[in-house]
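Quick notes on the structure that follows.
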Amino acid sequence: MSIKNLPGYNTAVLPYHFVKSLAAGTKYGFPGKKLRVIGVTGTNGKTTTCFMLWKMLNTAGHKTGLMTTVGWGVPGLTEKKLAARKIKTEIAPDQDGLIKQVEHMTTSDSFTLNQRIRAIADEGAEFLILETTSHALSQFRILGIPIEIAVMTNVTHEHLDYHKTFARYVAAKSKLFKKASYGIINRDDPSYQIFADATPHKKYTFYGIKNSASYHATDIKLSASGVEYTISGISEKPLAIKTQIPGEFNVYNSLACVAVGQKLGLTDQEIKDGIYALSEVEGRMNRLDLGQDFEVIVDFAHTPDAFEKVFTSVKAPSKNGRIISLFGGAGQRDKTTRAERGEIAGKYSDVCILTEDDPRDEDPAAIAEMFKAGCKKAGMKDDQILIELDRKKAIELAIKLAKKGDLVLVLGKGHEKTILRADGPHPFEDLKVTAAALKNLHK
């Protein structure tokens with residue numbers, strides 16, 4: 001058993017995390033203080049909200065850095081500049097100055113975090129959009145980084161393997177708001193009041209769909225190409241928002257961005273244009289169209305809440321089309337939700353393909369059986385539940401099974417560039433493997 005699994009280990013090492021973060025900030029001159037930092041936390045929606053904020057601010061002419069699960073960087077950052085700062089990356093910056101993440105960590109360790117923030121600050125950025133996890137908040141990784149605005153997307157069960165209880169998980173998330181000058185909170189989330197109470201001097205605003213909020217979406221229209229809605233009462237005339245990314249959850253994500261935009265003084269047009277400018281986020285509701293007569297979506301969903309949101313936001317392209325879903329569960333992570341996720345998938349799917357998803361040193365076959373129990377609880381028959389533990393073969397199987405009018409959902413890994421097995425990381429990208437399987441259909 002790993003020493004990290006010993007009872008009380010996470011609490012015992014907190015002084016170490018504090019000292020490490022203090023040393024990291026000192027080494028790099030506490031670079032977060034040179035930027036206006038917007039921190040985003042929550043269980044789901046963090047990455048898309050961060051990208052939307054980043055796109056909105058840069059489109060409005062404010063040079064803005066980004067640090068998320070998917071990637072980090074700032075416009076103007078180049079491979080040559082990274083080399084000069086002795087920052088090693090496996091993937092070069094793209095045309096927007098973003099470097100895709102290879103490691104499986106949202107908020108990097110404190111030394112890497114401060115080194116990257118220093119690079120963003122030195123590049124002349126005004127803002128930094130920082131995706132912030134409960135682990136990072138618990139382990140003082142953002143020590144010395146002032147938060148101008150904190151955003152909460154939602155909070156559902158995740159990482160209980162680390163936090164042990166949901167209450168402690170929520171408390172960890174709320175630490176971001178204790179540091180913030182202003183809070184933007186999802187009023188429809190059951191934990192909203194905890195975040196409101198954590199915000200100093202009660203300086204916060206709410207957004208939502210179901211409950212009363214300053215930023216309240218009405219006239220919502222959902223389609224395969226995005227969402228549209230209206231917000232009244234925040235400007236002289238109703239503000240019409242449109243996104244290029246589908247799903248009701250992107251109503252919430254974009255509402256948070258509208259609230260941030262107004263707090264920062266952006267015009268209504270800058271807010272509208274900036275939100276619409278984001279066409280996609282890697283591994284988040286990515287549609288793959290290589291000429292096939294069925295639909296394929298790759299998404300990072302790996303929690304019960306994310307599963308529910310994905311399945312309820314999509315449908316097969318034809319009336320008689322089937323939903324074929326493919327997913328697994330990460331090893332050494334919260335086991336209590338595996339059957340629940342299987343049940344959610346079984347409720348909405350016609351076929352479930354169970355496979356590996358970062359099994360680490362846990363038996364992937366045993367993980368699959370936990371998901372299978374959930375699928376069966378939803379009423380699925382044995383012939384509707386297929387187990388193929390090799391993820392590449394599982395994706396190829398899903399594509400081969402698909403017929404005209406079907407929808408294939410490849411869930412769980414999204415943007416990730418590796419799969420973690422017992423012997424370490426192996427190169428693996430759902431988007432590339434799925435695209436290759438689709439190309440092979442035409443051979």
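Filtering 124, 144 for residues that are in contact with a Gly (Cβ under 7 Å, 6 or more places away or on another chain) and small (Gly, Ala, Ser) leaves a single hit, 144.
Evaluating residue 276 against the criteria (1) buried (at least 22 other Cβ atoms within 10 Å of the Cβ); (2) in a helix (DSSP H, G or I); (3) in contact with a strand residue (DSSP E or B) (Cβ under 6 Å, 6 or more places away or on another chain) leaves one unmet condition, (1).
Residue-wise test of (1) of a type outside the set (Lys, Arg); (2) surrounded by fewer than 21 Cβ atoms within 10 Å (Cβ to Cβ); (3) under 20 Å from the mean Cα position of the chain (by Cα); (4) in a strand (DSSP E or B).
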{"position": "181", "(1), (2), (3), (4)": "yes, yes, no, yes"}
{"position": "197", "(1), (2), (3), (4)": "yes, yes, no, no"}
{"position": "217", "(1), (2), (3), (4)": "yes, no, no, yes"}
{"position": "220", "(1), (2), (3), (4)": "yes, yes, no, yes"}
{"position": "230", "(1), (2), (3), (4)": "yes, yes, no, yes"}
{"position": "234", "(1), (2), (3), (4)": "yes, yes, no, no"}
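Take the conditions (1) under 15 Å from residue 405 (Cβ atoms); (2) hydrophobic (A, V, I, L, M, F, W, C); (3) at pLDDT 90 or above; residue 314 misses just one of them, which is (3).
Looking for whichever is in a helix (DSSP H, G or I) and in the same structural domain as residue 195 (by TED's automatic domain parsing) here; the options are 77, 130, 113, 143. Which one fits? Result: 113 is the single residue among 77, 130, 113, 143 that is in a helix (DSSP H, G or I) and in the same structural domain as residue 195 (by TED's automatic domain parsing). Taking into account only those residues within region 289-311 that are among the aliphatic types (A, V, I, L, M) and assigned to a loop (DSSP other than H, G, I, E, B), which is modelled with the highest pLDDT? That would be 290. Within region 38-50, residues that are assigned to a loop (DSSP other than H, G, I, E, B) reach partners that are of a type in the set (Lys, Arg) with beta carbons closer than 9 Å, at six or more positions or on different chains, in the pairs 42/173; 43/173; 44/309; 45/309. Tell me which of these residue 70 doesn't satisfy, since it passes every other one: (1) of a type in the set (A, V, I, L, M, F, W, C); (2) at pLDDT 90 or above; (3) crowded, with 18+ Cβ neighbours inside 10 Å. With (1) of a type in the set (A, V, I, L, M, F, W, C); (2) at pLDDT 90 or above; (3) crowded, with 18+ Cβ neighbours inside 10 Å applied to residue 70, the lone miss is (2).
Out of 422, 366, report the one residue that is over 24 Å from residue 308 (Cα atoms), outside the structural domain of residue 156 (by TED's automatic domain parsing), of a type in the set (A, V, I, L, M, F, W, C) and surrounded by fewer than 16 Cβ atoms within 10 Å (Cβ to Cβ). The conditions single out 422. Screening the candidates 363, 406 for the property of being within 23 Å of residue 315 (Cα to Cα) and of a type outside the set (A, V, I, L, M, F, W, C) yields one hit, 406.
Looking only at region 394-437, which residues are closer than 17 Å to residue 100 by Cα and charged (D, E, K, R)? Once the filter is applied, which keeps residues that are closer than 17 Å to residue 100 by Cα and charged (D, E, K, R), region 394-437 yields 413, 416, 417, 429, 430, 432.
For region 151-158, the criterion of being more than 22 Å from the chain's Cα centre (by Cα), surrounded by 15 or more Cβ atoms within 10 Å (Cβ to Cβ) and in the same structural domain as residue 269 (by TED's automatic domain parsing) is met by no residue.
Can you tell me which residue within region 343-363, out of those that are under 22 Å from residue 169 (Cβ atoms) and over 20 Å from the mean Cα position of the chain (by Cα), is surrounded by the most Cβ atoms within 10 Å (Cβ to Cβ)? Among residues in region 343-363 that are under 22 Å from residue 169 (Cβ atoms) and over 20 Å from the mean Cα position of the chain (by Cα), the one surrounded by the most Cβ atoms within 10 Å (Cβ to Cβ) is 343. Comparison of 239, 222 shows that the only residue that is modelled with pLDDT of 90 or more and either touching a strand residue (DSSP E or B) at 6+ places or on another chain (Cβ under 6 Å) or closer than 22 Å to residue 305 by Cβ (or both) is 239.
Could you please find all residues in region 339-368 being among the basic types (Lys, Arg) and closer than 25 Å to residue 402 by Cα?
Result: 341, 347.
Evaluating residue 315 against the criteria (1) assigned by TED's automatic domain parsing to the domain that holds residue 44; (2) in a loop (DSSP other than H, G, I, E, B); (3) touching a residue at least 60 places away in the same chain (Cβ under 8 Å) leaves one unmet condition, (1).
Name the residue, out of 406, 430, that is closer than 17 Å to residue 289 by Cα, assigned by TED's automatic domain parsing to the domain that holds residue 326 and in contact with a Pro (Cβ under 9 Å, 6 or more places away or on another chain). Walk me through how you get there before you give the answer.
Values: 430 fails: in contact with a Pro (Cβ under 9 Å, 6 or more places away or on another chain).
Criteria check complete, one pass: 406.
Residues in region 298-315 that are surrounded by fewer than 18 Cβ atoms within 10 Å (Cβ to Cβ) and not hydroxyl-bearing (Ser, Thr, Tyr): 315 only.
Among the residues of this structure, residue 365 counts as one that is more than 25 Å from residue 290 (Cα to Cα) and in a helix (DSSP H, G or I). Looking only at residues in region 334-356 that are assigned to a loop (DSSP other than H, G, I, E, B) and more than 19 Å from residue 43 (Cα to Cα), the one that is modelled with the lowest pLDDT is 356.
For region 385-424, a residue qualifies if it is in a strand (DSSP E or B) and without any contact (Cβ under 8 Å) to a residue 24 or more places away in the chain, and exactly one does: 424.
Only one entry of 286, 250, 320 meets the criterion of being modelled with pLDDT under 90, more than 26 Å from residue 373 (Cβ to Cβ) and of a type outside the set (A, V, I, L, M), and that entry is 286.
The values are calculated or read from the model by the stated rules, or taken from the named source; none is laboratory data. On a predicted model such as this, the values are computed, not experimentally measured, just so you know. Note that each Cβ is placed from the backbone with ideal geometry, even for glycine, and that neighbours are counted across all protein chains shown.
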